[in-house]
Amino acid sequence: AEIGDVTRFAGARQLCSWAGLTPRHRASDTKVHRGPITKQGSPLLRWACVEAVQRCSADTPMRRLKDRIIERRGVHARNVAKTAAARKLLTLVYYALRDGEVRCLAKTATG
């Protein structure tokens, strides 16, 4: 309900940016600085995505992604992992709302 009409976004990246789940990006000539998430957009949607990732069971793709990032970057990167998994979840929500199905999850369920 918070997203509204999903067709107003050109793609999943635009939805994630609107929700404020993308990293801050500042560039000047050849230097690029990436910082924390922008937190612009809907705080309710951002909260719901992060909360869904925190509460998911161990056998879900979002939990496996979160655990993989924590394993690779260390325990201190728990919040980074939650945010990355929330962004991935919102991407899948975009495709589910747009197409009516999430093809990448259907592949893993059958094979």
Within the bounds of segment 12-24, is there any residue that is without any contact (Cβ under 8 Å) to a residue 24 or more places away in the chain, open to solvent by 50 Å² or more (accessible area, probe 1.4 Å), of a type in the set (Phe, Trp, Tyr) and not in a loop (DSSP other than H, G, I, E, B)? no
So, in segment 46-72, exactly how many residues are among the basic types (Lys, Arg), open to solvent by 40 Å² or more (accessible area, probe 1.4 Å) and assigned to a helix (DSSP H, G or I)? 4
Output the residue which, of all residues in segment 25-45 that are among the basic types (Lys, Arg) and on the phi < 0 side of the Ramachandran plot, is surrounded by the fewest Cβ atoms within 10 Å (Cβ to Cβ). Lys31
For residues that are part of a helix (DSSP H, G or I) and open to solvent by 30 Å² or more (accessible area, probe 1.4 Å), tally how many sit in segment 91-103. 8
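Could you please give the count of residues in segment 73-90 that are more than 24 Å from Ala1 (Cα to Cα) and either open to solvent by less than 40 Å² (accessible area, probe 1.4 Å) or not in a helix (DSSP H, G or I) (or both)? Talk me through it step by step, then tell me what you get.
Keep residues of segment 73-90 that are more than 24 Å from Ala1 (Cα to Cα), which gives 73-81.
Imposing the further condition that a residue be either open to solvent by less than 40 Å² (accessible area, probe 1.4 Å) or not in a helix (DSSP H, G or I) (or both) reduces the set to 74, 77, 81.
Here the count works out to 3.
The values are calculated or read from the model by the stated rules, or taken from the named source; none is laboratory data. Quick caveat, the model's predicted, so the values are computed rather than measured. Every residue, glycine among them, receives a Cβ derived from its backbone with ideal geometry; neighbour counts consider all protein chains shown. Areas reflect the complete protein model, heavy atoms only, side chains present, ligands, DNA and RNA absent. Shrake-Rupley method; radii C 1.70, N 1.55, O 1.52, S 1.80 Å.
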